[in-house]
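Every number here is computed from the coordinates shown, using simple stated rules; none is lab data. Predicted model only: the values in this text are computed from it and were never measured. Using ideal geometry, Cβ is built from the backbone for each residue, glycine included, and neighbour counts are taken over all protein chains shown.
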Amino acid sequence: RVVVQRATGLWRWRTRGGPGATAYEGLWGSLFDWMADGRRDRRAAIPERAAVREGEPILWRLAAGDSSTTVRLTQRNDAGGERTLTLTRRHASILAESPALPAGVYDVRAAGGASILVVNAADELLPRAPTVRAGAVGDGAVSGRAPALRDSGLAYALVVCLLCAEWILRRQRGLL
């Protein structure tokens, strides 16, 4: 749907307040509602999330007005055939829940269209971050116990000597 608006100055309706602002909100609200009305998803059921983990139940969003619908799932690269699920809406919700599926990519077909569902491997199969066991890890110095330059008195003495030498040289050349 397309709307062509050739009038100018409509923004003034909004800024003046009163009945003009109400008319402005009504006009644009109605136009946006009308434009969005043609973009409804016509599929009877679509997965709430496009990717889920293996072992998790799958939530489905059902079309308005349907209390239950049938969905056909076909796993790609699998000769196992087609699965049929009957999804029933939970109470006043628009969501339905189905049991978990094995990992894989599924083509989902329902009345009104098709979609794709990806079931990833379970969480326990994911690599975990390495953890350190109690005890020494290496033979180097620990960062908190490593010798620091600021703890050495020799470094401070060297800096003071260099500053004194600079002062003496400037004094001899008449720069001070």
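In whole angstrom, the range 45-124 maps to an equivalent ellipsoid with semi-axes of 21, 15, 10, each derived as √(5λ) from the alpha carbon gyration tensor and ordered largest first. Between Pro47, Pro130, Pro99, where does the largest GNM mean-square fluctuation fall for the chain, given springs only between Cα atoms within less than 10 Å? The residue that fluctuates most here is Pro130. Once the Cβ-Cβ distance of Leu125 and Ala146 is raised to the sixth power relative to R0 = 41 Å, the FRET efficiency obtained is 0.55.
Here the Karplus relation 6.51 cos²θ - 1.76 cosθ + 1.60, evaluated at θ = phi - 60°, turns the backbone of the range 99-110 into coupling constants of x, 5, 10, x, 4, x, 10, 10, 8, 10, 10, 9 Hz, with x for every Gly and Pro. Note on the chain: with charges restricted to the Cβ of Lys and Arg (+1) and Asp and Glu (-1), its dipole about the Cα centre is near 920 debye.
Residues whose amide H comes within less than 5 Å of that of Gly55, counting only those at least five positions distant or on another chain, are Leu101 (H built at 1.01 Å from N in the peptide plane).
Only alpha carbons enter this Debye calculation for the chain, each as an equal point scatterer, and the log10 of I(q)/I(0) it gives at q = 0.15, 0.17 Å⁻¹ is -0.99, -1.06. Of the residues Ala122, Leu10, Asn77, the one whose Cα sits farthest towards the positive end of the charge dipole of the range 1-124 is Leu10 (charges of +1 on Lys and Arg Cβ, -1 on Asp and Glu Cβ, taken about the Cα centre). Considering helices alone, the calculated mean residue ellipticity of the chain at 222 nm is -9000 deg cm²/dmol, with DSSP H runs of length four and up weighted by -39500 (n - 2.57) and normalised per residue. When the Gaussian network model of the chain links Cα atoms closer than 10 Å, the mean-square fluctuations of Arg16, Arg83, Arg109 top out at Arg16. The stretch between Glu97 and Leu176 holds 19.8 nm of extra length on full extension. This uses 0.36 nm per residue minus the Cα-Cα distance. Against the main long axis of the alpha-carbon atoms of the chain, helix 18-37 sits at an angle near 70°.
Reported to the nearest whole Å, the Cα centre-to-centre distance from the range 6-29 to the range 147-176 is 75.
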